[in-house]
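Just below is one structure, and these are the notes that go with it.
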Amino acid sequence: MRHHLLGLLLPVALIGCAAQAPGPTPPPSPAVSATVSAPPAPTASPTPTAAATAVASVAPSPTVAPTPAPAALCLATQLAATVTGWEGAAGHQIASVRLVNESPIACVVQGTPGVQLVDARGVILIDSAAVGEGGLPHVDPGAEPFLLDPGAVIGTEVSAADYCGAAEAALPTTIAFVLPADAGRVVAAPGPGGDVPGCLSSPGAPGSIAMNGWTR
């Protein structure tokens, strides 16, 4: 009977011991090392130094050259004219004339002056004004302006014809210019050969006189 009870208790004890005995401990899991990279810090723009700011604040402004005022029209008192020669025969004479700015400032000659044939006493023998409005001093639209610096020269040719006046002319003859815009009258210094064009019309006829344009 005793042996029978021991046979029954022994399996029970073994079962209890099996329940109480701890199982094998699992090996520890390897630690996972997670490295988190921090984003790079933003680079700050360099702050202008006080010295740079000061230099920029005193930088000179661009200098704008003033626009020069346009030159005024030449007055007769600024100009001198000279007859440099004559050509022609019979009732026709052509004078070559140069005009120079004798003043110390630049001025402008523009338009067509009135022209006159003048004798040595200053008597007007032929006057372009006698032929009508076209012979008066005037500036046509688009007429070229001639800027004359001090000492600058322009020139022209003046053609005179058919003097039938009663007065006997004193030689040598010369040319006078009546400038547009009431700028005055310039009498040219006479040159060699100044004569009177013969009369080809009836006595007392006004004659004719005209100039080409100014040229450099």
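Any read-out appearing in this document is the output of simple, stated calculations on the displayed coordinates, not a laboratory observation. It should be emphasised that the depicted structure is a prediction, and the values quoted were computed from it without experimental measurement. Don't worry about glycine lacking a Cβ; one is built from the backbone with ideal geometry, like all the others, and counts go over all protein chains shown.
Brief remarks on what is shown
- Between Glu168 and Leu136, the FRET efficiency estimated from the beta carbon spacing at R0 = 35 angstrom works out to 0.80.
- Extension gain, Ile105 to Arg216: 0.36 nm times the residue separation minus the Cα-Cα distance gives 38.1 nm.
- Cβ-based net charge around Val186, under 12 Å, with every Lys or Arg adding one and every Asp or Glu removing one: +1
- From least to most packed, judged by other beta carbons within 10 angstrom and beginning with the fewest, Arg216, Arg98 follow the order Arg216, Arg98.
- Ala89 versus Thr63: modelled label distance in nm, points set 7 Å from Cα along the beta carbon direction: 6.5
- Pairs of Cα atoms farther than 14 Å apart, region 165-208, %: 62
- Here region 156-191 and region 67-122 have alpha carbon centers that stand 10 Å from each other.
- For the listed peptides 194-206, 167-179, a ranking on the average number of other beta carbons within 10 Å per residue, highest first, reads 167-179, 194-206.
- With K and R counted +1 and D and E -1, the other residues having a Cβ less than 14 Å from that of Ala89 yield a net charge of -3.
- Net charge of Cβ neighbours under 15 Å - reference Leu136; Lys, Arg +1; Asp, Glu -1: -3
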